[in-house]
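Enquirer: There's a structure below that I have some questions on.
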Amino acid sequence: MKNLLLRLLLIIPFSVSMVSCSDDEQENPSKVLVQFADSGLTIPENSNERKIVIDFNRPASQDGKIQIAVDTEHAKYFNTVPAAVNGVVSLYVEKNDSSASFTLKPENDFAVNASKQVDFTLKEVLGDFLIGNQSKLTLTIQDDESTSPLSVVNFIPVNVTIKETNVDGYTLQLHVSESAGADGQIFITSHSEKAIYGQHYITEPALENGRLSLAAIPGASVISFKVIPVDNGTVNGEFEIDFNIAQTEGNIQKGTKVKEIFKISDDELENKPKGYEIAAGTWGLKRSIEYDALGRIHKVHVESATPAKSTRTETYFYNAAGEVEKINKYPNIDEVFTWQNNRIIKSENINYGELKSYTEYDYDDFGNVSATATYYKQPDGQFKLGTLLGYLYFTDGNLYRALTYVPAPDGDEPILLSTRTYEGYIDAANPFPMVDILPTVKTQTKLPSTYRVEENGVDLLYELSYEFRADGLVGKRTATGKQTSETAVYLYY
């Protein structure tokens, strides 16, 4: 390997003095999960029939039956189809049904009286079913003879992101129509894939049993609550929290804007590279980075269009010394690294447990990767040299030229296929180098202003221009050639 790499570097045709080288659900995964589509509904006393829906998480695998317990105290104020028998509505399910439902029609008593609240509860299921978390529906039947009209509540959209260090928090507001006669309660729930209430954020008023209650009083057209982040001093990434108007009581009903997405940015990740998006005609590439609690790359989400679209996630694994030891690039496809003297000297492509190829790395005196040699498995099980790469650098460590070779059939000097040259570096930080060799090596700390490709008898020169944010970080790169152009947008936490 050493002799081959030495020969490779000796034949490089340039000499430049400036260049150096849920529990139940989990226990019963086969069960069909059934639950109410809504946790709360409000309908006028004089409304027409209303369909009440029970959602399935997938089509029923067999016939079955769902029994719903009805609040008998208010049973005289409405009728259901099918009718309730001894306080139970029975719904029969056929195989392949994706939901079940019954209809409800309030009884109009033509008298001024209080609104009624009726609870419907999923009581029992027969067949291959499992009752989900949303097993209860609270229905409010609003008296239509009341002098107060129905009030509608909606979130006032803000789509805001606040910093984890914002000790004052942020106030989310809801608008109540017909506020002069508003009288009731609004119940808000929250959901997040990562953020934990009390650990990553709190609310005022506080969530109790997973929801907070807001009073709607006459004359108040805006109701609010506050979200306050908790600064925990660790790297967690950005949190996204969904707040939902889950239920209303009194003469309040839900409007159309019942959900507000609230984001909290991690101050430990502030201005850390988040990813980039490249576009050139129908071709595109997007990479988004997640970091672990120690600030190391944990996952990279990749979306590409060539022009067919595809997605994948690269997951990084580290050893006890904190060295990256493996990157899972696809299911059952890994890149495994071998370390020696604090450097990666070899990487192996493991495909479904089988070694398909491996690459050896050589370094110059400044710690830059100077050459690589990749060997591919042959039908006879032997490994054969397939690709050679050589790298030259400016004295400040920025990549000058990358050269691609293949072995000569007769064993002579390797054959040069292409060169890629990067020049005109400007003194600005480069978050994403144009050449990736290893996750531990950064080939470009600054931004090149020209990029030249020479291969297959073609010589292409691209001018690279940049746009910078107010804080000095590069926000956009434009590559312009004779007939093509490409844009790259850089993203940060």
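Enquirer: Determine whether K226 is out of contact with any helix residue (DSSP H, G or I) (no Cβ under 8 Å at 6 or more places or on another chain), part of a strand (DSSP E or B) and surrounded by fewer than 18 Cβ atoms within 10 Å (Cβ to Cβ).
Expert: yes
Enquirer: Taking Q67 as the residue in question, decide whether it is in the same structural domain as V88 (by TED's automatic domain parsing), surrounded by 14 or more Cβ atoms within 10 Å (Cβ to Cβ), over 30 Å from N368 (Cα atoms) and at pLDDT 85 or above.
Expert: Yes, satisfied.
Enquirer: Would you call L461 in contact with a Lys or Arg (Cβ under 7 Å, 6 or more places away or on another chain), in the same structural domain as I327 (by TED's automatic domain parsing) and either closer than 22 Å to Y393 by Cα or not basic (K, R) (or both)?
Expert: yes
Enquirer: Additional query: Quickly run through the stretch 259-306 and pick out the residues that are part of a loop (DSSP other than H, G, I, E, B) and in contact with a Phe, Trp or Tyr (Cβ under 9 Å, 6 or more places away or on another chain).
Expert: Hits for the stretch 259-306 are D266, E270, N271, K272, D292, L294, R296, T306.
Enquirer: Pairs please, first residue from the stretch 325-344 and surrounded by 15 or more Cβ atoms within 10 Å (Cβ to Cβ), second anywhere and part of a loop (DSSP other than H, G, I, E, B) and of a type in the set (A, V, I, L, M), Cβ atoms under 6 Å, 6+ apart in sequence or on different chains.
Expert: I344/L438
Each row is one residue, and each column tells you yes or no for (1) touching a Phe, Trp or Tyr at 6+ places or on another chain (Cβ under 8 Å); (2) under 20 Å from I241 (Cβ atoms).
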residue: G132; (1), (2): no, no
residue: K136; (1), (2): yes, no
residue: V152; (1), (2): no, no
residue: T165; (1), (2): no, yes
residue: L172; (1), (2): yes, yes
residue: A180; (1), (2): no, no
residue: G184; (1), (2): no, no
residue: E204; (1), (2): yes, yes
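Enquirer: Ok, one more. If we keep just the residues of the stretch 450-493 that are more than 21 Å from A428 (Cβ to Cβ) and outside any strand (DSSP E or B), which is nearest to the chain's Cα centre (by Cα)?
Expert: In this case the residue turns out to be T484.
Enquirer: Then there's this: Could you check how many residues of the stretch 377-406 are part of a loop (DSSP other than H, G, I, E, B) and within 25 Å of L461 (Cβ to Cβ)?
Expert: Residues flagged as part of a loop (DSSP other than H, G, I, E, B) and within 25 Å of L461 (Cβ to Cβ) within the stretch 377-406 amount to 4.
Enquirer: Just one of the numbered conditions (1) more than 30 Å from Q340 (Cα to Cα); (2) modelled with pLDDT of 95 or more; (3) under 37 Å from the mean Cα position of the chain (by Cα) is not true of T404; which one?
Expert: Unmet condition: (1).
Enquirer: Name the residue, out of L126, L150, that is within 25 Å of N79 (Cβ to Cβ), of a type in the set (A, V, I, L, M, F, W, C) and at pLDDT below 90.
Expert: Working: L126 fails: at pLDDT below 90.
Sole residue among the options that is within 25 Å of N79 (Cβ to Cβ), of a type in the set (A, V, I, L, M, F, W, C) and at pLDDT below 90: L150.
Enquirer: Also: Test E260 against the stated conditions and say whether it is among the charged types (D, E, K, R), at pLDDT below 95 and not assigned by TED's automatic domain parsing to the domain that holds T338.
Expert: no
Enquirer: While we're looking at this one, here's another question. Scan the stretch 447-482 residue by residue and report those that are among the basic types (K, R) and at pLDDT 95 or above.
Expert: R452, R469, K476, R477
The values are calculated or read from the model by the stated rules, or taken from the named source; none is laboratory data. On a predicted model such as this, the values are computed, not experimentally measured, just so you know. Positions of Cβ are generated from backbone atoms using ideal geometry, with glycine treated the same way; all protein chains shown enter the neighbour counts.
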